[in-house]
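The values are calculated or read from the model by the stated rules, or taken from the named source; none is laboratory data. Since this is a predicted model, take the numbers as computed values, not measurements. Cβ sites come from the backbone with ideal geometry, for glycine too, and all protein chains shown count toward neighbours.
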Amino acid sequence: MGRPDLLNRTLGFAGSVAIALGGLAAGALPERGDPLAHWPVIRELRSFPLVAIAGAYVGLALLCGAWLRLRRTLDEQSPSDLVRTLLCWAAPLVLVPPMFSQDVYSYLAQGAMVHEGLDAYKHGPAYLGGPFAAEVPAIWQNTPAPYGPLFLRAAAAVVNVTGAHVTLGVLAFRLISLAGVVMIVLCLPGIATRFGVPPQRAIWFGALNPLLLLHLIAGMHNDAIMVGLMTAGIYAAVRHHPALGAALITAAALIKAPAALALLTILMIAPRAWLRIGAAATASAAGLQLASGLGTGWIGAMHTPTTVRNGLSFSTDLGLLLGALGWPGPMDIIRTAAGVVGCLLAGWALLRAPNPVAGLGLALSSIILLGPVVHPWYLLWAFVPLAAGLRRVPQAAVWGSVGLSLFLLPTGAPGYPEAVVAATVGTVAGLLYLRMRPPVPAPLAAAATS
């Protein structure tokens, strides 16, 4: 590794450390039983949450800047170099409380419900009560779980091991998220090579993406294990094991349903194995569903996330605008129409993309962007296959990753004016530092690596 690459790795590490320090003081902290609440330095830093938020945003700017600069020297790096950079950037984020989302507390509450024999597809965490439910945001207290039975059984297993200890439960879910990230990192290069994409470019966009670091590692969303299993399934198919690939993708879909679209990708990769693929998917779905003992209530509960209004969904924003202008009942009409258009575009992408994996990424992009709710980490469903299937990553996807990385506060709660000001100040400070430390010019970078 040449000096410019080492500088980028160090810059990104500094950004991750700043984000982690901000998270210790202003992350999605538990309301009760926080073991760090009385630690020296952390206790004092928590007295100034706006300073912590500003510091986290300095780190976000540095991390995103390092990621963008790293792109300039990809041809001089090996996949193993980039994996080492990923480990360096991810390490500080593994050691912090949840950040950018409070969803992990919902996971714990839903797992506790299943562990206690309650129907998480009919009742919300408020029905459970206790320490886990107390950490769940008010908006989700009375909403059923929108996740598949495989995930709820995994959440119940976590609670069975950790008991009612919130901190241990959070750590267990971070390990599950890391397992998903490991699958992504291990499988991306092989898929990319199969379709003529440089593996280092696939790792850069699919695994080193700031969205993955922030929301799958720091935020520990269950999308990590969903995307990890989906990626492993595609990798199995390109290695001539389509039935295994179908089984892995079916497991991913029983965590979050959108992964099921990747079954079409498997069929396109191995069209002559359609019978084995269909049999494996059917057997896996039936077997895992029956083994869970949780029924099919999750299918009806998948509408739960649509209660969020965060400004990122085109269809929801348009529906709200038309409703404010006095049009009667526009939301359902707009959402339905956008969903139909998204599905049509997804079908077109699957048929016209340069290869099946790129088609999956483009299809998922269409469905996400025209869906009723969009969260920043949802884009990783699409970005991971796009990283392995497209030889040139669209600039919109690169800058979209950067923009969405700055969208959510580390608290995981809605923004308030003072916090937005602190985040803006931190971002500007980080950008000023990047401006004062410009990237090494390309000729010098080449000389340093020769």
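A single member of Asp119, Asp75 is over 28 Å from Leu208 (Cβ atoms), among the acidic types (Asp, Glu) and modelled with pLDDT under 95, and it is Asp119.
When region 314-335 is filtered for residues that are part of a loop (DSSP other than H, G, I, E, B) and of a type in the set (A, V, I, L, M, F, W, C), the ones remaining, listed by number, are Leu325, Trp327. Of the residues making up region 34-43, those that are over 27 Å from the mean Cα position of the chain (by Cα), surrounded by 12 or more Cβ atoms within 10 Å (Cβ to Cβ) and in a loop (DSSP other than H, G, I, E, B) number 2. Residues Thr316, Thr307, Thr296: which one is surrounded by 14 or more Cβ atoms within 10 Å (Cβ to Cβ) and either touching a helix residue (DSSP H, G or I) at 6+ places or on another chain (Cβ under 9 Å) or modelled with pLDDT of 90 or more (or both)? Being surrounded by 14 or more Cβ atoms within 10 Å (Cβ to Cβ) and either touching a helix residue (DSSP H, G or I) at 6+ places or on another chain (Cβ under 9 Å) or modelled with pLDDT of 90 or more (or both) holds for just one of Thr316, Thr307, Thr296, which is Thr316. If you go through region 395-409 and pick out every residue that is within 15 Å of the chain's Cα centre (by Cα) and part of a loop (DSSP other than H, G, I, E, B), you end up with 3.
Contact map, region 76-104: residues that are more than 28 Å from Gly412 (Cβ to Cβ) paired with residues that are of a type in the set (Gly, Ala, Ser) and part of a helix (DSSP H, G or I), Cβ distance under 8 Å, separation 6+ or inter-chain. Pairs shown: Glu76/Ala445; Glu76/Ala446. Condition check: assigned by TED's automatic domain parsing to the domain that holds Val96 and within 25 Å of Val425 (Cβ to Cβ). Does Leu63 satisfy that? Spelling it out, Leu63 is indeed assigned by TED's automatic domain parsing to the domain that holds Val96 and within 25 Å of Val425 (Cβ to Cβ).
Quick grid of which residues meet (1) in contact with a Ser or Thr (Cβ under 9 Å, 6 or more places away or on another chain); (2) modelled with pLDDT under 95; (3) not assigned by TED's automatic domain parsing to the domain that holds Val340:
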{"position": "Val357", "(1), (2), (3)": "yes, no, no"}
{"position": "Leu364", "(1), (2), (3)": "no, no, no"}
{"position": "Phe383", "(1), (2), (3)": "yes, no, yes"}
{"position": "Ala388", "(1), (2), (3)": "yes, no, yes"}
{"position": "Pro394", "(1), (2), (3)": "no, yes, yes"}
{"position": "Gly415", "(1), (2), (3)": "no, yes, yes"}
{"position": "Met436", "(1), (2), (3)": "no, yes, yes"}
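Residues in region 283-310 that are within 27 Å of Trp348 (Cβ to Cβ) and hydroxyl-bearing (Ser, Thr, Tyr): 1 in all. Going residue by residue through region 89-104, is there one that turns out to be surrounded by fewer than 20 Cβ atoms within 10 Å (Cβ to Cβ), under 29 Å from Val357 (Cβ atoms), β-branched (Val, Ile, Thr) and out of contact with any Phe, Trp or Tyr (no Cβ under 8 Å at 6 or more places or on another chain)? Looking for residues that are surrounded by fewer than 20 Cβ atoms within 10 Å (Cβ to Cβ), under 29 Å from Val357 (Cβ atoms), β-branched (Val, Ile, Thr) and out of contact with any Phe, Trp or Tyr (no Cβ under 8 Å at 6 or more places or on another chain), one finds at least one in region 89-104, hence yes.
Scanning region 273-309 for residues that are of a type in the set (S, T, N, Q) and in contact (Cβ under 8 Å) with a residue 40 or more places away in the chain yields Gln289, Ser292, Thr304, Thr306, Thr307.
Considered as a group, the residues in region 338-394 that are without any contact (Cβ under 8 Å) to a residue 24 or more places away in the chain and outside any helix (DSSP H, G or I) include one that is surrounded by the fewest Cβ atoms within 10 Å (Cβ to Cβ), and that residue is Arg392.
One residue alone among Leu87, Leu63 is under 21 Å from the mean Cα position of the chain (by Cα) and under 21 Å from Met436 (Cβ atoms), and that residue is Leu63.
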